[in-house]
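K.L.:
First the structure, then my questions, so here it is.
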Amino acid sequence: MSFRSTTTLLSRATRIKSKLQSSLEATVLELDDVSYQHAGHAAMKESSENETHFNLKIVSDKFEGQSLVKRHRMVYDLLSDELQSGLHALSIVAKTPKEITPDAK
Amino acid sequence: MATILFKGIAARSLTARLTSSCYYGMRYSTKVSNDPDTHDDFKPASKLENSGTSLSDIVEQDVKDNPVMLYMKGVPDFPQCGFSSLAVKVLKQYDVPLSARNILEDPELKNAVKAFSHWPTFPQVFIKGEFIGGSDIVLNMHQTGELKEKLKDIVPKQ
């Protein structure tokens, strides 16, 4: 379970961020590589890839009026290339700016 | 061997086929490398070609027959991924029958489920035939009370 840094020229994290940022005009975009937490799990045992699991927090106006499933689909659609090239899982928190104001839950 | 299915699943639909012939023998040796997209060469030979039932039919039948249907990595009593584990934990808060298939055991089924729901990751939860989402969504619906609402008319498990 050693932590593998993501120092490749253009990391997956960088690509993910730029894709989401440009299409969804995110006001908050936090992406954590948590691949190390999954390095030993069943599906990953024989995989040498890193950058497979991320936690994503994204806030965008474009989520307004969309169900959670729709929001997740919007993210997945933008990342379909990544999902086909070794990205295994994203934990997604997708909110609208209104939903993250202190009063709203 | 029965662990491929969890309580309540319609055993007739897949158990027999999935555990047939060469696949049966290979299950343990290939369990790990079976996974994703990287080991297509080692996929078990198709076991459905002659059965007249396609995998997408099976998925369709699954979600129709099982009020709460879960496609996951591992089995409910032994999930093999944190997200699958989370989905199971949430759903077990409710007194409803839970049916599940282990997609690590069959890459073809995995692809069929992905194609069926147009959703790229696992776990995937279906309630009363409706695609609900993955673990983040199920957890969120649990927290907001939506999940309770969705599950309320499902007959409790025996």
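K.L.:
Within region A:12-41, restricting attention to residues that are polar (S, T, N, Q) and modelled with pLDDT under 90, which residue is farthest from A:Phe54 (Cα to Cα)?
P.N.:
Step by step, filter region A:12-41, then rank; the result is A:Gln37.
K.L.:
As an exercise: evaluate A:Gly65 against (1) crowded, with 17+ Cβ neighbours inside 10 Å; (2) more than 14 Å from chain B (Cβ to nearest Cβ); (3) not charged (D, E, K, R) and give the number of the one condition it does not meet.
P.N.:
(1)
K.L.:
Kindly indicate which of B:Val96, B:Val90 is under 18 Å from B:Leu139 (Cβ atoms), of a type outside the set (Ser, Thr, Tyr) and outside any helix (DSSP H, G or I).
P.N.:
B:Val96
K.L.:
Same structure, new question: Can you report the number of residues in region B:117-145 which are charged (D, E, K, R) and within 10 Å of chain A (Cβ to nearest Cβ)?
P.N.:
2
K.L.:
Could I ask something else about it? Hey, does region B:123-133 have a residue that's surrounded by 21 or more Cβ atoms within 10 Å (Cβ to Cβ) and either part of a loop (DSSP other than H, G, I, E, B) or at pLDDT below 95 (or both)?
P.N.:
yes
K.L.:
Please tell me if B:Lys114 is within 13 Å of chain A (Cβ to nearest Cβ), buried (at least 21 other Cβ atoms within 10 Å of the Cβ) and either in contact with a helix residue (DSSP H, G or I) (Cβ under 9 Å, 6 or more places away or on another chain) or not in a strand (DSSP E or B) (or both).
P.N.:
So B:Lys114 fails the test.
The values are calculated or read from the model by the stated rules, or taken from the named source; none is laboratory data. All values reported here derive from a predicted model rather than from experimental measurement. Neighbour counts are summed over all protein chains in view; Cβ atoms, including those assigned to glycine, are modelled from backbone coordinates with ideal geometry.
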